[in-house]
1. Looking at ASP47, ASP34, which is the one that is under 22 Å from ALA132 (Cβ atoms), surrounded by 11 or more Cβ atoms within 10 Å (Cβ to Cβ) and acidic (Asp, Glu)?
2. From the list ALA39, ALA23, ALA74, which residue is over 29 Å from LEU139 (Cβ atoms), without any contact (Cβ under 8 Å) to a residue 40 or more places away in the chain and of a type in the set (A, V, I, L, M)?
3. Are there helices (runs of 4 or more DSSP H) fully within segment 30-141 with at least 1 residues that are touching a His at 6+ places or on another chain (Cβ under 6 Å) and closer than 30 Å to GLN4 by Cα? List them.
4. Could you please let me know if PHE91 is surrounded by 12 or more Cβ atoms within 10 Å (Cβ to Cβ), among the aromatic types (Phe, Trp, Tyr) and modelled with pLDDT under 90?
5. Which of the following residues is modelled with pLDDT of 90 or more and in contact with a Gly (Cβ under 8 Å, 6 or more places away or on another chain): LEU52, LEU31, LEU41, LEU18?
6. Residue pairs, Cβ under 6 Å, 6 or more apart or interchain, first in segment 100-111 and without any contact (Cβ under 8 Å) to a residue 60 or more places away in the chain and surrounded by 15 or more Cβ atoms within 10 Å (Cβ to Cβ), second outside any loop (DSSP other than H, G, I, E, B) and basic (Lys, Arg). List them.
Amino acid sequence: AFRQADLPLHVVVNDTDLSFMSADQPTLIKLFGDWQQPASLVVTEQDQSMLLNGRFPNKAAIIDTVRLALKTHAALFIGINLRDTAITVLFDSITGSQFQQPAFAVWSGMDVQEAEAWRSNRNLTIIDDHPAAFLQALLNT
């Protein structure tokens, strides 16, 4: 959607990409990697454990950045699987933090009770929409 609108988007796949982040430019963090960079892919449960413990090659600073961002900024998650254990663990690692900011996730068709559990337990509000449609609407405003 950003490409179609010809808008800049900084993509972070590895720690080295972090140095180019800018507060005035949207950033897409590909926490689980990019298929065009096979070494960046977090695929197995062992990979996820290494990622969350800061031991996955070239991603230790990314996980720290995500945790800090969740404590200091509102965050929007698009295309993330909230039922993935690694995501639950990530949110649980900052849930209840004195300075935790609200987070939002675009997810189509999540059960109302599950969405409420995310909101009440982890301060994450579900936006019931398809990711591509949501991004397009966001860019059109």
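1. On the way: ASP47 fails: under 22 Å from ALA132 (Cβ atoms).
When all the criteria are applied, what remains is ASP34.
2. On the way: ALA23 fails: over 29 Å from LEU139 (Cβ atoms); ALA74 fails: over 29 Å from LEU139 (Cβ atoms).
Going through ALA39, ALA23, ALA74 in turn, the sole match is ALA39.
3. none
4. yes
5. Every option except LEU41 fails the conditions.
6. Close Cβ pairs (under 6 Å, with a partner that is outside any loop (DSSP other than H, G, I, E, B) and basic (Lys, Arg)) amount to GLN100/LYS71.
The values are calculated or read from the model by the stated rules, or taken from the named source; none is laboratory data. Remember, predicted model here, so these are calculated numbers, not experimental data. Neighbour counts are summed over all protein chains in view; Cβ atoms, including those assigned to glycine, are modelled from backbone coordinates with ideal geometry.
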